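Student: One structure is given below, represented as structure tokens, and several questions about it will come after.
Throughout, read-outs are computed from the coordinates displayed, never taken from laboratory work. Being a predicted model, the structure only gives us computed values, none of them experimental. Counting neighbours? That spans all protein chains shown, and the Cβs are built from the backbone with ideal geometry, glycine included.
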Amino acid sequence: MMKIERLPSVSSTNEYLRKYLPARENVAVFADVQTAGRGTKGRSFLSDMGGVYLSILVFYADMAPANAFRIMAHAAVSVCRTLGEYGIPPEIKWPNDVRVSGKKIAGILIENGLREGKIDHSVIGIGMNVTNDVSALGGIAVNMAAFLRDPPSAEEVGRALLENFRRPSTFGEYLSHAHFLGERIRVAEREEEYFATARRILPDGRLEIERGGEIFALSSAEITIGN
């Protein structure tokens, strides 16, 4: 069972869910607006009216840290399934940005908690652009309304997203949306930027690349596709 809450406004849905940690209760919370939404690497996440802002608290009985990437992959697949239901073809930019026509349409923030050497729980935050205004993001983002004559409400999309999240997924389903594999990408890693060819995503989530005839596996980096 999963408790579901809906809030008109909250600072951050991920932060809000932390109050349920002591009770060890699986909970999903939607907010119409976030006043301090967070993305990866400490970035802010624009969270105006018209978007889906969902966080899910999930507890595990036996989750090895080596499987952490599968949590992220499943969240990305859930977004892709939801977009597909509306006829919008998604793609995943490693590791978990979901894009349409080269622009970001959703963001995912996973915060895992450890206990006795295993992943005890995850707070899984997902934001999707539905009808919210993304013009302030300088052309790097897009919303569902840009592709639909009669766009759905954020509430409708949120329901579909949660339903898709609650269905199991496979790593192969994640890979089916990673259309950039085999392409030339730009990699920003620590203080260095370079071009490489994206080869494959390994089961542990690392991105295998080829650079100068050598093969490397990236654990974390920023990649740019199509440049």
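Student: Looking at segment 132-227, which GluC sites (Glu not before Pro) are DSSP coil and have at most 12 other C-beta atoms within 10 Å of their C-beta? Intermediate values should be presented prior to the final figure.
Tutor: On the way: sites: Glu155, Glu156, Glu163, Glu173, Glu183, Glu189, Glu191, Glu192, Glu193, Glu208, Glu210, Glu214, Glu222; in loops: Glu183, Glu191.
Hits after loop and neighbour filter: Glu183, Glu191.
Student: In addition: Using θ = phi - 60° and the Karplus curve 6.51 cos²θ - 1.76 cosθ + 1.60, what whole-Hz ³J(HN,Hα) does each residue of segment 136-151 get, with Gly and Pro shown as x?
Tutor: Each residue's phi maps through the Karplus curve to give 5, 8, x, x, 8, 10, 8, 10, 5, 4, 5, 10, 10, 5, 10, x Hz.
Student: Here's a follow-up. Using per-residue counts of other Cβ atoms within 10 Å, averaged over each peptide, order 23-30, 7-14 from highest down.
Tutor: Output ranking for 23-30, 7-14: 7-14, 23-30.
Student: What full-extension length gain, to one decimal in nm, is calculated for Arg184 and Asp62 as 0.36 nm per residue of separation minus the Cα-Cα distance?
Tutor: 40.1 nm
Student: By its C-alpha gyration tensor, with a ≥ b ≥ c as the square roots of the eigenvalues, how is the chain shaped: rounded for a/c under 1.5, else prolate for a/b larger than b/c, else oblate?
Tutor: Note, shape of the chain comes out oblate.
Student: Between Thr131, His121, Ala75, whose Cα lies farthest towards the positive end of the dipole of the chain when Lys and Arg beta carbons carry +1 and Asp and Glu beta carbons carry -1, centred on the Cα centre?
Tutor: Highest projection toward the positive end goes to His121.
Student: Tell me the mean residue ellipticity at 222 nm calculated for the chain from its helices only (DSSP H runs of n ≥ 4, each -39500 (n - 2.57), averaged over every residue, nearest 500). Show your work: numbers first, answer last.
Tutor: Working: 4 runs with 40 residues, N = 227.
Rounded to the nearest 500, it is -5000 deg cm²/dmol.
Student: Something else now. Going highest first, how would you order 56-64, 93-101 by mean Cβ packing within 10 Å?
Tutor: Numbers: 56-64: 16.2, 93-101: 20.2.
Output ranking for 56-64, 93-101: 93-101, 56-64.
Student: Scan segment 182-225 for trypsin sites (Lys or Arg not before Pro) in coil per DSSP, keeping those whose Cβ has at most 10 other Cβ atoms within 10 Å, and list them by number.
Tutor: Passing both the DSSP loop test and the Cβ count: Arg190.
Student: Quick one: 3J(HN,Hα) in Hz for segment 153-159, Karplus 6.51/-1.76/1.60 with θ = phi - 60°, rounded, Gly and Pro as x.
Tutor: Using θ = phi - 60°, the values come out as 6, 4, 5, 5, 5, x, 4 Hz.
Student: Which of Thr197, Thr131, Thr35 comes first, and how do the rest follow, when ranked by fewest Cβ neighbours within 10 Å? Show your work: numbers first, answer last.
Tutor: Numbers: Thr197 14, Thr131 19, Thr35 10.
Sorted ascending by nearby Cβ count, the order is Thr35, Thr197, Thr131.
Student: Assuming R0 = 25 Å, what is the FRET efficiency of Lys19 and Glu116, from their Cβ-Cβ distance, to the nearest 0.05?
Tutor: Taking R0 as 25 Å, the efficiency between Lys19 and Glu116 is 0.65.
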